[in-house]
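The values are calculated or read from the model by the stated rules, or taken from the named source; none is laboratory data. Predicted model only: the values in this text are computed from it and were never measured. Because the Cβ atoms are built from the backbone with ideal geometry, glycine has one as well, and the counts that use them run over all protein chains shown. These accessible areas exclude ligands, DNA and RNA; they are computed on the full protein's heavy atoms, side chains included. Shrake-Rupley method; radii C 1.70, N 1.55, O 1.52, S 1.80 Å.
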Amino acid sequence: MSDDDICINISGISHPILCGTCKAKVAFIGEANVDGGDVGCVDCGNIADVQQVAAMAVEYAKDEGQLMLNRMARDTAKNSKIMTFNGQTSHNKAHRFVVDMKL
Ligand SMILES: [Zn+2]
């Protein structure tokens, strides 16, 4: 991870924002300006205002956090004779920008 990566902070850990289409790290388009610059993936033409990109990345991270809990509950239920789990375990909508949740 380089200093140029555009990251959001989740629980004190910084995670790079990725293009939701090709999963490449997003970068500033033109001048790097966290207050109003454009950020995105040139290859996919997936570009938006940096604040919008950050908001979409946070939304993805929230969804992913919930899904991770659901997957754990599902796996627990799988090993249990008395528990069943019917919740959502994968994203049900497309995210333009996602977050690399791996550390
Ligand atoms: Zn892309």
Would you check if PHE97 is aromatic (Phe, Trp, Tyr) and open to solvent by 30 Å² or more (accessible area, probe 1.4 Å)?
no
Selected residue (criterion: nearest to the chain's Cα centre (by Cα)) from residues of the range 25-45 that are small (Gly, Ala, Ser) and exposed (fewer than 15 other Cβ atoms within 10 Å of the Cβ):
GLY45
If only one of ILE8, ILE13 is in contact (Cβ under 8 Å) with a residue 40 or more places away in the chain, open to solvent by 70 Å² or more (accessible area, probe 1.4 Å) and either away from the ligand (no atom under 16 Å from the Cβ) or of a type in the set (Gly, Ala, Ser) (or both), which one is it?
ILE13
Among residues of the range 16-49, those that are away from the ligand (no atom under 16 Å from the Cβ) and of a type outside the set (Asp, Glu), counted
6
Are there any pairs with C-beta distances below 7 angstrom linking a residue in the range 77-97 that is over 30 Å from CYS44 (Cα atoms) to a residue that is part of a loop (DSSP other than H, G, I, E, B), with the two at least 6 apart or on different chains, and if so which?
ALA77/MET83; ALA77/THR84; ALA77/PHE85
If I filter the range 52-70 for residues that are part of a loop (DSSP other than H, G, I, E, B) and either of a type in the set (Gly, Ala, Ser) or more than 30 Å from THR84 (Cα to Cα) (or both), do I get at least one hit?
no
Name the residues in the range 46-62 that are farther than 14 Å from THR21 by Cβ and open to solvent by 50 Å² or more (accessible area, probe 1.4 Å), would you?
GLN51, GLN52, ALA55, VAL58, GLU59, LYS62
